[in-house]
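The values are calculated or read from the model by the stated rules, or taken from the named source; none is laboratory data. Please read these numbers as outputs of a predicted model, since none were measured by experiment. Cβ placement follows ideal geometry from the backbone for every residue including glycine, while neighbour counts extend to all protein chains displayed.
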Amino acid sequence: MTFRQLAYHNVVRNRRNYAAFFLASVFSVMVFFVYSMFIFHPAFEEEGLRLLAIRGMLIAEVVLYIFTLFFLFYSMSAFLQARSKEFGVLMHLGMTKKQLNKLIFFEMLILGTVSTVTGIAFGFAFSKFFFMVGREIMDLDSLPLYVSWEPFLLTIAAFASLFVIISFISVGFIRTKQVVDLLQGFWKVEEESKSSTVLSVMGIVFLAIAYTFAANVSDRTVYQMIFIVPPLATFGTYLFFTHTLHSLLRLYKRKKNVYWEKTRLVSLAEASVKLKDSAQMFFIVTIVSTVAFLTVGTLASFMSYTGDFRESNPLGLVYISFNGNEQETEHIERLTRQLENEQLAYDMVELTVKRQTSGATGNDVDILALSEFNRLAASLGFQAAELQQGEGMFVPFSLDALKELEETSVETVLFESDVGLSIESTYPHVVFPIHTLNINTIVVSDADYEAIDEPLLGYEPGASDFSYYAFDVLNWTETVNVGNRLTETVNNAVENADFNGVNFFFENPGDDYRWFKSSFALLLFIGVMVAAVFLLAAGSFIYFKLYTGLERDRKQYKLLIRMGMTDKELGKIVNRQLIPQFFLPWGLALLHSAFAFISLQVVWEEFAELSILIEMAIVLGGFTVAQILYFFLIRWRYIAHLQAP
C-alpha cells in the first residue's frame, strides 16, 4: 500500500469524524464561490449600489478566507491530537517523522480537494437562487446566471493555497515527539487545572467594568467607548474561562451535600478535568459568536432605519426654485411629464416660502402660508392646521425635533416686516424632508403671511422668497427614472461646491429610500452568509473538542454501565457535560451582544429616533433557536459514538 492509498483509506475510515469539518469547509467554499460569482457578474458596473455590492462581497471574501484559515488550523489540531495513538502505533512500527508528515500532508490535500470541489459544485448549483435574491434586493431588471472561468479560478486558487498551507503546518500540531507519549493518547493527564484567585476576580471585574461602560454610554462618549469596552470584554472573557469559571466550580464542590448527589459527582468531576483544555475553546466560541451576533444585529438595525425613513420623508419629489431660475417652468413640466410617462399618480402643491429673521433668536426662519400648507397636508392625508392672526405653528424637520418643539413656546417678532407671532403649537407630523427647508420653519395665518412684505435683510425685494414644489407620489419608491438629469446636476454642484447657474434644488426621496433599503438589505444578505459560516464554525469547535476526548469518554461510559448506571442517569451525565459546553459560551456571547446593542441604540438615537429592540430580539432569538437545534443534533451524534461497540 502506497502513502497515497494509506492517506485515502485514513480519510475514508474517519469520514464520520471528519463530517463537521467537511461540512464547515464545504459551506465556506460555497459562500466564497457565490460571492465571487457576484463580483465577476458582467451585469455589475462600478456605480452606486452595484459598486457597494462588489466592495461588500470582496471584503466579506477576505474576512471569510482569514477566518476559514484560522478555523481549519484549530479543527485539524483537534483531529490530529485525537489520533495521537494511531500516530504512535505507526511510529512504533517504524514510520519516520518525515513519513508521518508526508502522510498527514496527503490527507489534508485529499480533504481540501474534495471540500473545494464539493463547495464549488454546490455554490454553482445554488447561484441562480442567490442571483434571484440579489436581483430583488438591488431591484435590477435581470441578473442572469452566467459561466465564467474567473469565479472558479479565484475560489480554487484561494482554497488550494489555504489547504496547502494547512497541510504544511498541520504536522506541527503533533506536539509530542516521543512514541510513548503518543501511545498514551491526548488525555494522558487527568489533573484539575489550577486557578489564580487574583485572575479569577479580575475576570469578573473586567466584565463588570465593560458592561457598566456599555450600559451608561452617551452620545458624547460612545465613540471613545468603542476603543475601551471591546478590549476589556475580550480580556475579561479570557480570564473568566481560564480562571474564574474554575474557581466558581471549586467553591461549588465544597458544598458536599450538593456535590455528592448521585450523578452530579461524576458530571462535575469530569468538568473539572476538562476545564483547562476547554477554556481556550470556550473563549474562541464566545468571541466568534459575539462577532456573528453583532454583525447580523447591526445590519438588521439598518433595516429599521429604512422603516423610519418614510415617516421622515413623506414627499415623493421635491423641487425648489430660487430667485433668477429661468428654467423653473421647463423643469416642472419635465417632471410632470416623466411622472405621467411612468404612470405614477401624484399631487403637486406649490408653496411660496418667505424668509425672515426671528427677533427672539436672531436666526433665519422660513414662513409658510396656512392655506398653502393645508393643501399639502390634505394631499398627504394629514389633518389641517388651525391658526388665528398673530399665531404661529412650528413645522418639525425630524422626529427628534418634533418631540423637542412640542415642549417649546416662543413669543417673537419677524424683524424685517415687524409681524408679531405667538408660537405655542407644533404640527404633529414631519411634512418636509430635512435640508429642504430651514430647521426653523413656521406656518402663519394668511393675514400674517400677506403682512410679510419685506425681504430678508440684505436682499432685494422678492430675492429671499422661493417656490417649493411638493410632489405627493402614491408609489413613491418607483420614481427611480424621474428627474435623473436634475439629480445629476445638483450632485455635481454639491461635489464641486460650484452652484453658479444652478438656481434650483431637486431631491428624490423615493429613489433615496430605494437605495437605502436595497443597500442595507444587500449588506444584511452578505452579513448573514458570513455569520452563518462563523456560527457553523463555532459549533464545530465544540464538536471537535468532544471528538478529541471521545475515546476516553467511551471507556468511562462502558465502565459506568458495568457499575449499574441506567440510561436515564447516563443521559443526565451527558446533558450536564454538554449543556455548559454549548450554552455557557453562547450565553456569555448573548450577554456581550446585549450590552453592545445598548451602545448601538445610543448611536442610532444620534442620527434618528429609532428603536432597535425588536430587531435585536429577533436576531438573538433566532440564533438561540438555531443553537438549541444544533445542540440536539450534536448530542445525538455524541451519544451514538459513546454507544458504538
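Per-structure values
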{"read-out": "Residues (more than 12 Å from V602 (Cβ to Cβ), modelled with pLDDT under 85 and part of a helix (DSSP H, G or I)) located in segment 194-223", "value": "T197"}
{"read-out": "Output for segment 464-487, where each listed residue is surrounded by 15 or more Cβ atoms within 10 Å (Cβ to Cβ) and not in a strand (DSSP E or B)", "value": "S464, D465, W476, T477, E478, T479, V482, G483, L486, T487"}
{"read-out": "So D453, is it more than 27 Å from I367 (Cβ to Cβ) and part of a loop (DSSP other than H, G, I, E, B)", "value": "no"}
{"read-out": "Hey, V291 over 30 Å from A401 (Cα atoms), hydrophobic (A, V, I, L, M, F, W, C) and at pLDDT 80 or above or not", "value": "yes"}
{"read-out": "Residue count for segment 488-511, restricted to those that are surrounded by 16 or more Cβ atoms within 10 Å (Cβ to Cβ) and under 34 Å from the mean Cα position of the chain (by Cα)", "value": "7"}
{"read-out": "Within segment 58-98, tally of residues that are polar (S, T, N, Q), closer than 17 Å to V164 by Cα and out of contact with any Leu (no Cβ under 8 Å at 6 or more places or on another chain)", "value": "2"}
{"read-out": "Failed criterion for P461 (all others in (1) in contact (Cβ under 8 Å) with a residue 12 or more places away in the chain; (2) loosely packed, with under 15 Cβ neighbours inside 10 Å; (3) more than 32 Å from the chain's Cα centre (by Cα) hold)", "value": "(1)"}
{"read-out": "Test for Y547: is it in a helix (DSSP H, G or I), more than 22 Å from the chain's Cα centre (by Cα) and modelled with pLDDT under 70", "value": "yes"}
{"read-out": "Subset of segment 451-504 (residues that are touching a Ser or Thr at 6+ places or on another chain (Cβ under 7 Å) and closer than 24 Å to N374 by Cβ)", "value": "A451, I452, D453, D465, F466, S467, D472, V473"}
{"read-out": "Unmet requirement for G527, which otherwise passes all of (1) at pLDDT 75 or above; (2) over 24 Å from the mean Cα position of the chain (by Cα); (3) buried (at least 17 other Cβ atoms within 10 Å of the Cβ)", "value": "(2)"}
